[in-house]
Amino acid sequence: MEYRRLGASGLKVPLLSFGTATFGGSDDFFRALGGTGVAEARRLVDICLDAGVCMFDTANSYSNGMAEEVLGQTLKRRDDVLLATKISTPIGEGPNEGGSSRLHILKSIDESLRRLRTDYVDLLYVHEFDATTPVEEVLRTVDDLVTAGKVRYVGASNFSGWQLMKSLAASDRHGWTQYVAHQVSYSLAVRDYEHDLAPLAADQGVGGVVWSPLAWGALTGKVRRGQKVPVDSRVIRAPLPGTYGDTSDTEHFHRIVDVLDELVGETGHSVSQIALNWLMQRPTICTINIGARNEEQLRDNLGAAGWSLSGEQVARLDEASDRPAPFPHDHQQLYPQFAPAPWVEESRQPRFAGGGPAG
């Protein structure tokens, strides 16, 4: 498995990591994703570790904490893995059961550590930007967690560009631990990351961590022109083709799938593997969270590593998935000499070979 530096930090992470939103299945939404129990989860974790995927991503909000509990029961040797979890998404009805206040963060991390059966996590994400809490309160609190040894590194998730930059500036001003990772929705179907967040990541040393790399399962070959989606697919229960969004331009999505189907014949790899491999070649991307409801899906996703699309094949996918840039980026394109895209010119992440976090 290839390893890359997580942003400007010294931590090396595997190019593929395993997301556990499929663990637990506490309600209709999460049951649609998976509902994986301990026995099957243990099997999936073992397959990941055998493939060099030693980083596991979860959140206190996944199945109301059940995902953390299931993951905690599957891990045999803590030093063999990297654990990432998230806080701030509401987990109850009370006024302080969500957000990024000091009270909620401190309570949440202790509960997560208990469920995960560990005394620290390698990476803690602030899951959502909380505009009701001063960024200084959030950042001082996570800095205290690093000092206390409960957290090794901190990251953001689902922030806008100004929210992330405001947080980075505050950390720099006060000498606090900075966000070294930003977890974002990014795929051939959803490329909004490229407009503001990717240039910011390249400029500030924030590693891109991808969630929903297959657009809620739509980029797995289950969605094609004139083809009905299987009734048991989570694609039916989730928005198509993007994250939470626009289903109006289905022709754009089908053009992407048309090229993916062409490349299946050229490469011998599956639609999912090609879509993931395209992401692996995007600048600023450090690791991609893959999910799976069963062993077959997991092994297929793992097959995205160890090979590369050609430059010409990447260009065809770029063209098929491209959309007009929004303002002000469309205007800035008129004067490229003044506004180059630093994330395009940035050299790709340093790469390392290794067998695990201790290696």
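The values are calculated or read from the model by the stated rules, or taken from the named source; none is laboratory data. What you see is a predicted model, and the numbers here were worked out from it, not measured in a lab. When we count neighbours, we look across all protein chains shown, and the Cβ atoms used for this are built from the backbone with ideal geometry, even at glycine. Heavy atoms of the whole protein, side chains included, go into the accessibility calculation; ligands, DNA and RNA do not. Shrake-Rupley method; radii C 1.70, N 1.55, O 1.52, S 1.80 Å.
Give, in nm to one decimal, the length gained when the segment between residue 255 and residue 312 is fully stretched (0.36 nm per residue of separation minus the Cα-Cα distance). Intermediate results must be reported in sequence, preceding the final value.
Details: separation 57, 0.36 × 57 = 20.52 nm, distance 1.67 nm.
Contour length minus Cα-Cα distance gives 18.8 nm.
What is the packing order of peptides 325-337, 159-171, taking the mean over residues of other C-beta atoms within 10 Å and listing the highest first?
Working: 325-337: 10.5, 159-171: 17.0.
The most tightly packed comes first, giving 159-171, 325-337.
Take the alpha carbon atoms of region 313-336, find their center, do the same for region 149-180, and report the distance between the two centers in whole angstrom.
Taking the Cα centre of each part, region 313-336 and region 149-180 sit 29 Å apart.
Going by average Cβ density within 10 Å per residue, which order do the peptides 201-212, 24-35 take, highest to lowest? Don't skip to the end; give the middle numbers.
Numbers: 201-212: 22.4, 24-35: 18.0.
The densest-packed peptide leads the list: 201-212, 24-35.
Report the gain in length on full extension from residue 50 to residue 299: 0.36 nm times residue separation, minus Cα-Cα distance, nm rounded to one decimal. Each step should come with its number before you reach the end.
On the way: separation 249, 0.36 × 249 = 89.64 nm, distance 1.11 nm.
That works out to 88.5 nm of additional length.
Report for the chain the percent antiparallel among DSSP-assigned beta bridges with both residues inside it, nearest 5. Before the final figure, lay out the partial values.
Working: 6 of 36 bridges.
Counting only bridges with both partners in the chain, antiparallel ones make up about 15 percent.
Round to a whole number: what % of the accessible area of the chain belongs to carbon and sulfur, probe 1.4 Å? Before the final figure, lay out each step's value.
Working: 7790 of 15570 Å².
Carbon with sulfur: 50 percent of the solvent-accessible area.
Quick one: compute the contact order of the chain, relative version, from alpha carbon pairs under 8 angstrom and 6+ residues apart, as a percent.
Computed value for the chain: 20 percent relative contact order.
Which lysines have a Cα lying under 16 Å from the Cα of residue 107, excluding residues fewer than 8 positions away in the same chain?
86, 150
Return the sequence-ordered ³J(HN,Hα) values of region 100-106 in whole Hz as given by the Karplus equation 6.51 cos²θ - 1.76 cosθ + 1.60 applied to θ = phi - 60°, using x for Gly and Pro.
10, 5, 4, 4, 6, 4, 5
Could you let me know the centre-to-centre spacing of region 57-90 and region 1-20, using Cα atoms, in angstrom?
17 Å
Could you point to the residue in 100, 70, 58 farthest towards the positive end of the chain's charge dipole, with +1 and -1 charges on the Cβ of Lys/Arg and Asp/Glu respectively?
Ranked along the dipole, the leading option is 70.
What's the extension gain from residue 267 to residue 329 if we count 0.36 nm per residue and subtract their Cα-Cα distance?
Working it through step by step, the gained length comes to 18.9 nm.
Starting from the Kirkwood Rh over alpha-carbon pairs, what translational D in µm² s⁻¹ does the chain have by Stokes-Einstein at 10 °C and 1.306 mPa s? Mind showing how you got there, number by number?
Details: Rh = 20.8 Å.
Answer from the Stokes-Einstein relation: 76 µm²/s.
Per DSSP H run of at least 4 residues, take -39500 (n - 2.57); add these up for the chain, divide by its residues and hand me the 222 nm value, nearest 500 deg cm²/dmol.
On the way: 13 runs with 134 residues, N = 359.
Using -39500 (n - 2.57) per qualifying helix, the result is -11000 deg cm²/dmol.
Take the Cα of residue 27, step 7 Å along the line toward its Cβ, and report every residue of region 35-71 whose backbone nitrogen sits under 13 Å from that point.
61-66
Just how large is the dipole of region 39-109 about the Cα centre, in debye to the nearest 20, putting +1 at every Lys and Arg Cβ and -1 at every Asp and Glu Cβ?
Details: 8 positive and 10 negative charges, 39 e Å.
For this selection, approximately 180 debye.
Taking only protein heavy atoms and a 1.4 Å probe, what accessible area per residue, in Å², does region 28-177 have with all protein chains in place? Mind dumping the intermediate values first?
Numbers: 6360 Å² over 150 residues.
Ligands and nucleic acids excluded, the result is 42 Å² per residue.
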